[in-house]
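Before we start, here is the structure in question, set down as structure tokens.
The values are calculated or read from the model by the stated rules, or taken from the named source; none is laboratory data. Treat the numbers as computed from the prediction; the structure is a model and nothing was measured. Cβ atoms come from the backbone with ideal geometry, glycine included; neighbour counts cover every protein chain shown. Calculation scope for accessible area: heavy atoms of the full protein, side chains included, ligands and nucleic acids excluded. Shrake-Rupley method; radii C 1.70, N 1.55, O 1.52, S 1.80 Å.
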Amino acid sequence: MTALPVTRDRARRGAALVVAAAALILLILPHVVYPVLALDILAFGLFAVAFDLMFGFAGLLSFGHAAFWGTSAYTTAWLLGHGQSVPVALLGGTLTALVVAVPVGFLSVRSIGIYFSMITLAFAQMLSFLALQWTDVTGGENGLQGLARPGLLGLDFTNSMHRYYFALVVFALGCCAAYRVVRSPFGKTLVAVRDNETRARSVGYSPTRFKLTAFLISAALSGLAGSLFVFGHGVVSLEVVNWRTSGEVVMMTLLGGTGTLFGPVAGAAIVLLLRDVLTTASLPVGVVTGLVFVLAVLFFRRGVVGTLQGFLKARR
Amino acid sequence: MIALSARGLCKDFRGFRATNLVDLDVEEGEIHAIIGPNGAGKTTLFNLLSGFLKPTSGEVRLYDEPISQLAPEAIVRRGLSRSFQISSVFPTLSVLDNVIVALQSRSALPGAFWRSERSMRTFEPRARALLEEVHLSNLAHRAAADLSHGEKRQLEIALSLTQEPRVLLLDEPTSGMGSEGVARVIRLVREVARGRTVVLVEHNMSVVSELADRITVLQYGSVLATGRYDDVRRDPRVVEAYLGEEVA
């Protein structure tokens with residue numbers, strides 16, 4: 001915001017170029033990989049972006065973000081199963097995730113560091129247990145299948161391509177929201193609070209209030225992502241509230257680059273494409289993905305996008 | 001009128017008494033220095049006065065309103081602002097943004113996650129005026145982390161002024177500075193003290209003698225003496241506390 005005009009314009013042009021390139025890639029993606037996989041990339045990409053609002057910008061590592069992704073997923077599934085339209089189901093899922101995030105956030109943000117991580121994990125596990133037990137609504141271990149996805153504005157949602165492009169619009173809206181939050185007075189202050197909480201308090205800020213607001217926004221966007229996931233697959237199962245999902249989003253974010261806003265989307269793409277390629281080649285997915293992750297943490301601390309950004313900045 | 005007072009202030013840390021029955025009265029408009037050997041509990045006292053530590057017993061009053069149980073950010077809003085001994089700034093933000101972020105805390109802007117960050121520019125004129133006051137205008141766009149030690153101290157003071165404090169606590173504002181920096185800070189504190197009450201912790205006796213109206217001497221967490229500088233420095237207990245050093 002207060003950078004010198006020359007660097008600012010160059011940065012703006014560079015950013016516009018990157019956005020255009022990314023848009024192009026996302027537009028042709030379902031023609032390069034299976035549309036269902038492409039939609040998964042969008043869903044997990046948005047999930048990781050939402051997660052990074054907490055981690056990269058508020059500085060809080062949540063181990064239980066599947067709680068919001070999963071709550072929304074189940075709500076979306078339930079709404080679709082009860083004949084609701086897709087937009088209503090997506091909205092319902094997002095709002096439910098937000099509502100659940102209020103008490104979870106309120107109780108969690110007062111803790112810092114590892115304690116915050118453990119509390120969020122605990123809440124996610126509680127929701128996981130609830131999903132297992134509440135078989136009337138969630139289908140328990142079997143989950144819910146064969147969800148209807150009534151068409152919209154001439155789009156036929158039994159067609160995976162149509163689903164993808166609709167999801168792309170929703171994904172873009174979600175990303176715009178994330179961008180706005182980060183590049184707002186709130187986002188700027190959030191970073192200040194994260195960098196120096198003592199100084200922030202001594203100029204009149206309440207850190208808890210900022211962390212809670214960030215938490216709620218992150219949860220809502222995670223919910224939107226989770227509802228996209230169910231919309232894409234037409235089924236929901238216990239995996240959506242599983243701790244492995246919480247762990248996966250952490251990994252995707254770190255691989256892509258925390259604090260880079262959209263690096264996590266790249267991270268999601270890498271993890272999902274890698275998994276697809278490895279499964280097809282019958283290679284051990286967990287081992288290879290894990291290895292990639294370890295190497296990234298050791299040598300590409302700032303993730304793929306973060307490292308690239310650093311490289312470009314140094315060249316300027 | 002007493003701007004800031006403490007009565008019977010005590011702070012224990014697991015059996016160690018850092019602050020022992022401290023009574024303090026700071027008159028409105030004065031520059032009051034708190035001095036004492038290392039380990040005397042000066043910064044602990046500042047933490048107690050500004051809400052970063054809660055007293056074990058005793059109370060703190062700001063213009064006769066009790067504040068010891070309030071959170072630091074609430075005390076700031078009541079008009080008491082502090083700077084830190086080790087410069088505490090927002091390292092990733094520019095100098096200008098540091099001040100803008102501090103200035104907007106009283107407005108509704110920080111909560112607005114839907115507005116563009118350009119809306120923060122409304123605070124830019126005031127921020128630049130403050131930077132002018134602390135002589136940092138030419139470094140407005142430098143990242144705070146890249147400032148020199150002395151420049152960071154100047155930013156510290158600017159940040160503590162953003163909250164329009166009636167009472168300003170300055171923790172060793174001249175620490176680590178050469179004679180030129182010290183002279184600059186002395187001038188700055190004198191300007192800043194106009195219309196405000198200033199309490200400063202200082203090691204540098206020439207700064208104290210130049211600025212302070214009254215001083216309080218701390219030793220082992222207790223108040224040893226309090227009063228006008230010329231009277232206190234001749235007090236035999238104070239002289240002994242500094243181990244016979246010439247309290248210049």
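With a Förster radius of 45 Å, plug the Cβ-Cβ distance of A:ALA314 and A:SER85 into 1/(1 + (r/R0)^6) and report the FRET value to the nearest 0.05.
0.35
State log₁₀ I(q)/I(0) for chain A at q = 0.12 Å⁻¹ as given by the Debye formula over alpha-carbon point scatterers of equal weight, solvent excluded.
For the requested q values the scattering log ratios are -0.81.
Please state, rounded to one decimal and in Å, the Kirkwood hydrodynamic radius that the range A:171-316 gives when every pair of distinct Cα atoms enters the mean of 1/r.
After inverting the mean inverse Cα-Cα distance, the result is 17.3 Å.
Now a separate question. Average partner chain C-beta neighbours within 10 Å, per residue of B:112-124?
On the way: counts 5, 17, 6, 5, 5, 11, 4, 2, 6, 2, 1, 1, 2.
Mean partner-chain Cβ count within 10 Å for B:112-124: 5.
Report the dimensions of the range A:246-316 along its three principal axes from the alpha-carbon atoms, largest first, rounded to Å.
43, 22, 18
Under 18 Å from a point 7 Å along the Cα-to-Cβ line of B:GLU164: which residues of the range B:95-120 have their amide N that close?
B:99-110
For chain B, which DSSP H helices look membrane-span-like by this rule: Cα extent along the axis of 18 Å or more and mean Kyte-Doolittle of at least -0.5?
Working: long enough: B:149-161 (19 Å, -0.43); B:179-192 (19 Å, 0.37).
Helix filter hits for chain B: B:149-161, B:179-192.
I've got another one for you. Lys/Arg Cβ at +1, Asp/Glu Cβ at -1, dipole of the range A:35-243 taken about the Cα centre: which of A:LEU91, A:GLY56, A:VAL240 is farthest positive-ward?
Working it through, the farthest residue towards the positive pole turns out to be A:GLY56.
Additional query: If I model a spin label at B:GLU132 and B:ARG7 as a point 7 Å from the Cα along the Cα→Cβ vector, what separation in nanometres do I get?
About 4.4 nm separates the two model spin labels.
Which FRET efficiency value, to the nearest 0.05, do you get for A:VAL36 and B:ARG142 by plugging their Cβ-Cβ distance into 1/(1 + (r/R0)^6) with R0 = 60 Å?
The formula returns an efficiency of 0.75 here.
Partner chain Cβ atoms within 10 Å, averaged over the residues of A:178-191 - can you pull that number for me?
Details: counts 0, 0, 5, 2, 2, 5, 12, 19, 8, 4, 10, 13, 2, 5.
Mean partner-chain Cβ count within 10 Å for A:178-191: 6.
Take each of the peptides B:27-34, A:141-148, B:156-163, B:55-62, average the number of other beta-carbon atoms within 10 Å over its residues, and list them starting from the highest.
B:156-163, B:27-34, B:55-62, A:141-148
Pick from B:PHE113, B:PHE13, B:PHE84: which is most flexible by mean-square fluctuation in a GNM of chain B where alpha carbon atoms under 10 Å apart are linked?
Largest GNM mean-square fluctuation: B:PHE113.
State the Kirkwood hydrodynamic radius of the range A:174-228 in Å, one decimal place, computed from all pairs of distinct Cα atoms.
Details: mean 1/r = 0.0838 Å⁻¹.
Kirkwood radius, the range A:174-228: 11.9 Å.
Then there is this: Quick one: if you stick a label point 7 Å off each Cα along the C-beta vector at B:SER222 and B:TRP114, how many nm between them?
6.1
So if I take the centroid of the Cα atoms in the range A:114-162 and the same for the range A:26-98, what is the distance between those two points in Å?
10
Related question: Taking a quarter of the surface of the convex hull around the Cα atoms of the range B:1-155, what do you get in nm²?
Mean shadow area of the hull around the Cα atoms is 11.3 nm².
While we're here: Between the range B:1-30 and the range B:34-78, how far is it from one alpha carbon centroid to the other, in angstrom?
7
Rounded if a/c is under 1.5, else prolate if a/b is larger than b/c, else oblate: which is the protein assembly as shown, with a ≥ b ≥ c the root eigenvalues of its Cα gyration tensor?
It is prolate, given that a/c is not under 1.5 and a/b is the larger ratio.
Work out the FRET efficiency for B:GLU27 and A:MET118 from their Cβ-Cβ distance, taking R0 = 35 Å, and round it to the nearest 0.05. Don't skip to the answer; put the middle values down first.
Values: r = 50 Å, r/R0 = 1.42.
With a Förster radius of 35 Å, E is 0.10.
Still on this structure, please answer the following. Kindly state, as a whole number, the per residue volume in cubic angstrom of the convex hull around the alpha carbon atoms of the range A:22-116.
117
For A:LEU153 paired with B:SER107, estimate the spin-label separation in nm (one decimal), with each label point 7 Å from Cα along the Cα-to-Cβ line.
A separation of 3.6 nm, rounded to one decimal place.
Among B:SER137, B:LEU218, B:GLY178, pick out the residue whose Cα is farthest towards the positive end of the charge dipole of the range B:87-239, where Lys and Arg carry +1 and Asp and Glu carry -1 on C-beta, about the Cα centre.
Of B:SER137, B:LEU218, B:GLY178, it is B:SER137.
Just to be sure I understand: if you take the accessible area of chain B alone plus chain A alone and subtract the pair, with a 1.4 Å probe, what total do you get in Å², rounded to 100?
Approximately 3000 Å² gets buried when B meets A.
How large is the convex hull of the Cα atoms of the range B:115-197 per residue, expressed in Å³ as a whole number?
With only Cα atoms used, the range B:115-197 gives 112 Å³ per residue.
On to the next question. Ignoring ligands, DNA and RNA, please state the percent of accessible area on the range A:35-243 from carbon and sulfur, probe 1.4 Å. Intermediate results must be reported in sequence, preceding the final value.
Numbers: 5180 of 7750 Å².
The nonpolar share, carbon plus sulfur, comes to 67 percent.
Solvent-accessible area per residue for the protein assembly as shown at a 1.4 Å probe radius, Å²? Mind dumping the intermediate values first?
Details: 25180 Å² over 564 residues.
Value for the protein assembly as shown: 45 Å² per residue.
Let me ask something else about it. So for chain A, averaging the separation of alpha carbon pairs under 8 Å that are six or more residues apart and normalising by length, what relative contact order in percent results?
30
Let me ask something additional. To the nearest 20 Debye, how big is the dipole of the range A:35-243 about its Cα centre, given +1 on the beta carbon of each Lys and Arg and -1 on that of each Asp and Glu?
On the way: 11 positive and 8 negative charges, 173 e Å.
About 840 debye.
Would you mind pulling out the separation of the Cα centroids of the range B:151-188 and the range A:213-234, in Å?
With the range B:151-188 and the range A:213-234 each reduced to a Cα centre, they are spaced 47 Å.
Can you work out the Karplus-derived ³J(HN,Hα) for every residue in the range B:202-218? Use 6.51 cos²θ - 1.76 cosθ + 1.60 with θ = phi - 60°, whole Hz, and x for glycine or proline.
9, 9, 7, 5, 5, 5, 4, 5, 6, 9, 6, 7, 9, 9, 10, 9, 10
Mind checking the mean number of beta-carbon atoms from other chains within 10 Å of the Cβ atoms in B:89-98?
Working: counts 4, 11, 4, 6, 7, 3, 1, 2, 5, 4.
That works out to 5 on average.
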